[in-house]
1. Can you find, within the range B:61-96, the residue that is least open to solvent (accessible area, probe 1.4 Å) among those that are over 18 Å from the mean Cα position of the chain (by Cα) and hydrophobic (A, V, I, L, M, F, W, C)?
2. From the list B:112, B:105, which one is more than 10 Å from chain A (Cβ to nearest Cβ) and either more than 18 Å from residue A:260 (Cα to Cα) or out of contact with any Gly (no Cβ under 6 Å at 6 or more places or on another chain) (or both)?
3. Is it the case that the range A:159-173 has a residue that's in contact (Cβ under 8 Å) with a residue 12 or more places away in the chain, open to solvent by 20 Å² or more (accessible area, probe 1.4 Å) and part of a helix (DSSP H, G or I)?
4. Please enumerate the residues belonging to the range B:115-135 that are away from chain A (no Cβ under 14 Å) and open to solvent by less than 50 Å² (accessible area, probe 1.4 Å).
5. Search the range B:202-217 for residues being open to solvent by 10 Å² or more (accessible area, probe 1.4 Å) and in contact with a helix residue (DSSP H, G or I) (Cβ under 7 Å, 6 or more places away or on another chain), and hand back the single one that is nearest to DNA strand D (Cβ to nearest atom).
6. Go through the residues of the range B:243-261 one by one and say whether even a single one is among the aliphatic types (A, V, I, L, M) and within 10 Å of DNA strand D (Cβ to nearest atom).
7. What are the residues in the range A:223-236 that are surrounded by 17 or more Cβ atoms within 10 Å (Cβ to Cβ) and near DNA strand D (Cβ under 8 Å from one of its atoms), if any?
Number of protein chains: 2
Amino acid sequence: MRRLASHLPRLAGAGLSCRNRELGGDVAMMTSALVRKLLNFTPLSQGDRDALQKIGDERVRRFPAHTDVIQEGEATRNMFLVLSGWACRYKQLENGRRQIVAFFLPGDLCDLDVLILRKMDHSIGTLTPVTMAELSQAALDELLLGYPRVALGLRWESLVNIAIQREWTVNLGQRNAYERIAHLLCELVFRLRSIGLVHEDRCEFPLTQIELADVMGMSAVHVNRTLQELRGAGLIILRDRMLTVPRLPDLMAASMFNPAYLHLDREGHERGVSE
Amino acid sequence: MRRLASHLPRLAGAGLSCRNRELGGDVAMMTSALVRKLLNFTPLSQGDRDALQKIGDERVRRFPAHTDVIQEGEATRNMFLVLSGWACRYKQLENGRRQIVAFFLPGDLCDLDVLILRKMDHSIGTLTPVTMAELSQAALDELLLGYPRVALGLRWESLVNIAIQREWTVNLGQRNAYERIAHLLCELVFRLRSIGLVHEDRCEFPLTQIELADVMGMSAVHVNRTLQELRGAGLIILRDRMLTVPRLPDLMAASMFNPAYLHLDREGHERGVSE
DNA sequence: CGATCTGTTGAAACAATTCAAATCTGGTGG
DNA sequence: CCACCAGATTTGAATTGTTTCAACAGATCG
């Protein structure tokens, strides 16, 4: 038995719908998180990039921090793409404990074909304020059919997400608290770096220790003590919602982190596309 | 830190290739595990069923128990379909510990488009003697394009597998040993039942306690003691590789098992197909 | 300014691992 | 058929890792 999940997010009253232009330049920048990520896997022509940019234009919604985008048991809805902010998938147990099972970072998409399932078997909630683009099935089909390289890239993206889910299983099953947190931090640094959100060795890190506890399957108290150990070992600096990893190779070694599962290495996919 | 994984399977010298007829009638029966499973989601015409049956005919391979079908780091190969026996995905850590991250039961397929990734980020190994059909990309494409209902069913299958992976994350993160094992047993009973491998309240259960430990992320000793608790509570009878669950509802309650994530409920998908 | 989170600390209780040894099992060869 | 072996299961005792509970300090926010 473990502690109860602490803050149960309230349901998003209504993520205010609004069009892209109202949001100012940052959305254009944000959509490119997806472009940047896909470029880790495949080259993209300007046409490909424009098409990706365009889907971030359609129906943009904003959600405050700590609200549900969709809840377990609801009918599945449209796909969406995170433009900015952090969100997560999570599941709540009858006894109140909750487990965060995945993060959505900028450039992340929900499953391409959730609509095949009728009901959500988990909830999706924000961790920070989030903007996301909602994609109709039609818009998505158009993209997948008209831009084969993009379609390939998005399927790659799905496979990587599945690989991440497997790795979380390994992480929870086989690593102790210290290795476990170190491993998660490595993964986040790699993922944030692939979308250009790491500068030098620093990135924003908005998670509270309580949320971290819900990810790591441990108590918040133990998260606290473990973070102190990591700080004591000089592996991380974590203050004011900013994470610094001064020696990533050491953090990787400490957590037996092997980035292969992120499939971020591009060699072998060249076909000289960039028109 | 935990105990080392015990038996590291040797690599399959060569899964002997042979054609279906050589295997006798049981393969025909086995392919229908997939048909049976898909019927939980969508009706299938006789043509659909024949097409599915045919893919189990092409290249059938047999593997002894405890051998690797493919190892982490190898180039990805063809898709395959399990015809009989139990296999698993697993990952080995540098320190020797291993985590089983998924089971392959009869009727289970590996990811439809692993080929997009270049290298395996995990290994696949058998737990019992296994027969599987290897599918070329061409054969698969033909199936997906020629039989839309089958294509839909297979995409449903993938989504369910992803949902299972999420549920394993929850299981490892939030449930204690007793609930955790109980939950896994519930899942296996549901999955085996969906392919017709549960009779009354009994099914074959070939896992050793050591393998169970590699699934549950706990020591074999603790698995042993926890199984005894479950037996003591009258929730399971486990002997001679046979599992009996006399009161499934009680086992479900004990593990907070909610089968929704298996998406086995068919209502809402009727279209009266069966010609 | 109080109210409410988040982070931190200590001590006691509990869950799970480790190590070691004993028993049981199925399969093998003599 | 029995003896033997390797692997799987079971048991006990000591140790470690993690949780729980409770209290307090620091932020943050109306």
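1. Of everything passing the filter in the range B:61-96, B:93 is least open to solvent (accessible area, probe 1.4 Å).
2. Numbers: B:112 fails: more than 10 Å from chain A (Cβ to nearest Cβ).
After ruling out the rest, the residue left standing is B:105.
3. Looking through the range A:159-173, at least one residue is in contact (Cβ under 8 Å) with a residue 12 or more places away in the chain, open to solvent by 20 Å² or more (accessible area, probe 1.4 Å) and part of a helix (DSSP H, G or I).
4. Restricting attention to the range B:115-135, the residues satisfying the condition of being away from chain A (no Cβ under 14 Å) are B:125-135.
Matches in the range B:115-135: B:125, B:126, B:127, B:128, B:130, B:131, B:132, B:133, B:134, B:135.
5. B:209
6. The answer is no, given that none of the residues of the range B:243-261 is among the aliphatic types (A, V, I, L, M) and within 10 Å of DNA strand D (Cβ to nearest atom).
7. A:223, A:226
Conditions tested, residue by residue: (1) in contact (Cβ under 8 Å) with a residue 60 or more places away in the chain; (2) within 15 Å of DNA strand C (Cβ to nearest atom).
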position	(1), (2)
A:178	yes, yes
A:208	no, yes
A:220	yes, yes
A:266	yes, no
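The values are calculated or read from the model by the stated rules, or taken from the named source; none is laboratory data. From a predicted model like this one, the values you see are computed outputs, not experimental measurements. So basically every Cβ, Gly included, is an ideal-geometry build from the backbone, and we count neighbours across all protein chains shown. Heavy atoms of the whole protein, side chains included, go into the accessibility calculation; ligands, DNA and RNA do not. Shrake-Rupley method; radii C 1.70, N 1.55, O 1.52, S 1.80 Å.
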